[in-house]
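Novice: The structure is given below, and queries will be raised subsequently.
The values are calculated or read from the model by the stated rules, or taken from the named source; none is laboratory data. Please read these numbers as outputs of a predicted model, since none were measured by experiment. Every residue, glycine among them, receives a Cβ derived from its backbone with ideal geometry; neighbour counts consider all protein chains shown. The accessibility values were calculated without ligands, DNA or RNA, using every heavy atom of the protein model including side chains. Shrake-Rupley method; radii C 1.70, N 1.55, O 1.52, S 1.80 Å.
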Amino acid sequence: MPEEEEEDDKEDETRGHRCKKKEDVGVAKDDIGPCTLAQCARYESKNVSFAKQICPDSKSACAKLTCPPGKDGLPGVNGLNGEKGDRGAPGLPGIAGPTGPQGERGPAGPRGEKGESGNPVEITSLNRRLGTLESKLEQYAKALTFFKDITIAGDKIYVTKGAQGNYKDGKAECTNGRGQLATPQNALENKAVQEIAAQYKVFPFLGITDIDTEGTFRYPDGKTISYSNWAKGEPNNDKGVEDCVEMYFDGYWNDKNCDEKRLIICEY
Ligand code: MAN
Ligand code: CA
């Protein structure tokens with residue numbers, strides 16, 4: 001090793017640093033340390049450009065001993081693409097869509113609990129009015145039944161004035177009185193009409209005919225009958241002229257010519 005360089009190394013060791021030799025220039029800048037004034041002068045005298053790399057402002061600042069790091073180089077060329085990464089976590093939920101159309105009505109909910117009992121004062125008042133109505137009704141019933149031409153059968157009330165007429169007259173008589181010809185629709189009602197007929201000793205006409213369609217008997221509202229009590233062999237539309245219905249004293253029915261005169265019994 002030449003003497004000069006041994007001297008350099010020695011001096012470096014006393015300062016705790018190692019100054020770069022010419023051949024080391026170009027290594028990472030972190031390896032470039034401070035220079036002594038003597039080193040700078042010596043390097044400068046040998047090779048100005050080298051000295052400036054070690055001590056860029058060697059003419060004056062090299063005396064301050066610090067060689068600043070070089071500037072960053074240009075970025076290198078991009079590397080090759082890496083391998084495809086793992087699938088990422090799901091993204092955040094998107095924005096809610098517009099409101100849909102209204103759904104169908106759901107089933108009825110369960111029955112609620114029984115409510116509290118009503119105001120006792122109101123109930124007392126209602127009970128008093130109900131009692132008044134009941135006794136008034138009883139009074140009317142007594143007055144009407146005294147004349148024996150009113151019969152109550154279930155939900156129906158049968159009334160007669162004892163008058164007679166053909167079907168057309170009887171129908172008009174009853175509808176004028178805001179009722180209709182007697183149309184018994186069960187055995188109880190049939191019996192009530194039968195008793196009135198027996199009492200007056202005249203067969204009545206019922207509010208039932210097959211005037212619209214032969215063989216199809218209907219009530220005044222046009223509905224087909226749901227109850228009948230035909231006598232044996234009836235209805236037979238005798239001589240093709242029997243569209244009305246009379247009741248015998250035994251309660252059985254016979255289809256009969258509407259022009260005959262019969263007892264008029266109305267129902268309410
Ligand atoms: C007999 C039967 C009845 C019919 C009458 C007519 O009694 O044939 O069906 O309605 O005669 O008067
Ligand atoms: Ca007949």
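Novice: Of the numbered conditions (1) more than 12 Å from ligand 2 (Cβ to nearest atom); (2) in a helix (DSSP H, G or I), LEU206 satisfies every one except a single condition; which is it?
Specialist: With respect to (1) more than 12 Å from ligand 2 (Cβ to nearest atom); (2) in a helix (DSSP H, G or I), LEU206 is out only on (2).
Novice: Between GLN185, GLN139, which is surrounded by 10 or more Cβ atoms within 10 Å (Cβ to Cβ) and either assigned to a strand (DSSP E or B) or at pLDDT 95 or above (or both)? If you could, list the steps in order and put the result at the bottom.
Specialist: On the way: GLN139 fails: either assigned to a strand (DSSP E or B) or at pLDDT 95 or above (or both).
Every option except GLN185 fails the conditions.
Novice: Residue under question is ASP250, and the condition is that it be more than 11 Å from ligand 2 (Cβ to nearest atom), farther than 18 Å from TYR158 by Cβ and in a loop (DSSP other than H, G, I, E, B); does it hold? Outline the logic, then answer.
Specialist: Values: more than 11 Å from ligand 2 (Cβ to nearest atom): yes; farther than 18 Å from TYR158 by Cβ: no; in a loop (DSSP other than H, G, I, E, B): yes.
No: the conditions fail for ASP250.
Novice: In this structure, is LYS232 within 15 Å of ligand 1 (Cβ to nearest atom), modelled with pLDDT of 95 or more and assigned to a loop (DSSP other than H, G, I, E, B)?
Specialist: Numbers: within 15 Å of ligand 1 (Cβ to nearest atom): yes; modelled with pLDDT of 95 or more: yes; assigned to a loop (DSSP other than H, G, I, E, B): yes.
Judged against the criteria, LYS232 is a match.
Novice: Write out, first by first residue and then by second, each pair whose Cβ atoms fall under 9 Å of each other, whose residues are 6+ apart or on separate chains, and whose first residue, in the range 172-187, is touching a residue at least 12 places away in the same chain (Cβ under 8 Å) and within 18 Å of GLY162 (Cα to Cα) while the second is among the polar types (S, T, N, Q) and surrounded by 14 or more Cβ atoms within 10 Å (Cβ to Cβ).
Specialist: So the pair list comes out as CYS174/GLN180; LEU181/THR175; ALA182/THR160.
Novice: Could you say which residue among LYS239, LYS191 is closer than 24 Å to VAL159 by Cβ, part of a helix (DSSP H, G or I) and basic (Lys, Arg)?
Specialist: Numbers: LYS239 fails: closer than 24 Å to VAL159 by Cβ.
It is LYS191.
Novice: Sticking with this structure for a sec: Exactly one condition in (1) over 19 Å from GLY170 (Cα atoms); (2) away from ligand 1 (no atom under 16 Å from the Cβ); (3) of a type in the set (D, E, K, R) is false for ASP221; which is it?
Specialist: Failing condition for ASP221: (1).
Novice: Taking GLY162 as the residue in question, decide whether it is surrounded by 17 or more Cβ atoms within 10 Å (Cβ to Cβ) and closer than 17 Å to MET247 by Cβ. Please lay out each step first, then the result.
Specialist: Working: surrounded by 17 or more Cβ atoms within 10 Å (Cβ to Cβ): no; closer than 17 Å to MET247 by Cβ: yes.
Here the answer is no, as GLY162 does not meet what is asked.
Novice: Output yes when any residue across the range 126-148 is in contact (Cβ under 8 Å) with a residue 40 or more places away in the chain and either touching a strand residue (DSSP E or B) at 6+ places or on another chain (Cβ under 9 Å) or not small (Gly, Ala, Ser) (or both), and no when none is. Lay out the reasoning, then the answer.
Specialist: Initially, the range 126-148 is screened for residues in contact (Cβ under 8 Å) with a residue 40 or more places away in the chain, giving 148.
Within this subset, residues satisfying the condition of being either touching a strand residue (DSSP E or B) at 6+ places or on another chain (Cβ under 9 Å) or not small (Gly, Ala, Ser) (or both) are 148.
Yes, because at least one residue in the range 126-148 is in contact (Cβ under 8 Å) with a residue 40 or more places away in the chain and either touching a strand residue (DSSP E or B) at 6+ places or on another chain (Cβ under 9 Å) or not small (Gly, Ala, Ser) (or both).
Novice: Right, here's the next one. Do the conditions hold for PRO120, that is, is it under 50 Å from the mean Cα position of the chain (by Cα) and over 30 Å from GLY222 (Cα atoms)?
Specialist: Yes; evaluated as a whole, the condition is true for this residue.
Novice: Within the range 176-183, does at least one residue satisfy the condition of being over 26 Å from LYS239 (Cα atoms) and charged (D, E, K, R)? Show your work before the answer.
Specialist: Let us first name the residues in the range 176-183 that are over 26 Å from LYS239 (Cα atoms), namely 176-180.
Cutting the leftovers down to charged (D, E, K, R) gives us 178.
Yes, the range 176-183 has at least one match.
Novice: Name the single residue, out of those in the range 230-262 being closer than 15 Å to GLU173 by Cβ and under 60 Å from the mean Cα position of the chain (by Cα), that is least open to solvent (accessible area, probe 1.4 Å). Give the derivation first.
Specialist: Here is the first cut: in the range 230-262, the residues closer than 15 Å to GLU173 by Cβ are 244, 258, 261-262.
Now narrow it down to the ones that are under 60 Å from the mean Cα position of the chain (by Cα): 244, 258.
Numbers: CYS244: 0, CYS258: 25 Å².
Ranking the candidates gives CYS244 first.
Novice: Please work out if PHE146 is of a type in the set (Phe, Trp, Tyr), surrounded by 13 or more Cβ atoms within 10 Å (Cβ to Cβ) and either modelled with pLDDT of 95 or more or out of contact with any helix residue (DSSP H, G or I) (no Cβ under 9 Å at 6 or more places or on another chain) (or both). Before the answer, list the steps.
Specialist: Working: of a type in the set (Phe, Trp, Tyr): yes; surrounded by 13 or more Cβ atoms within 10 Å (Cβ to Cβ): no; either modelled with pLDDT of 95 or more or out of contact with any helix residue (DSSP H, G or I) (no Cβ under 9 Å at 6 or more places or on another chain) (or both): yes.
It is false that PHE146 is of a type in the set (Phe, Trp, Tyr), surrounded by 13 or more Cβ atoms within 10 Å (Cβ to Cβ) and either modelled with pLDDT of 95 or more or out of contact with any helix residue (DSSP H, G or I) (no Cβ under 9 Å at 6 or more places or on another chain) (or both).
Novice: Let me ask you something else. For GLY222, state whether it is modelled with pLDDT of 95 or more, away from ligand 2 (no atom under 13 Å from the Cβ) and not in a loop (DSSP other than H, G, I, E, B).
Specialist: Details: modelled with pLDDT of 95 or more: yes; away from ligand 2 (no atom under 13 Å from the Cβ): yes; not in a loop (DSSP other than H, G, I, E, B): no.
No: the conditions fail for GLY222.
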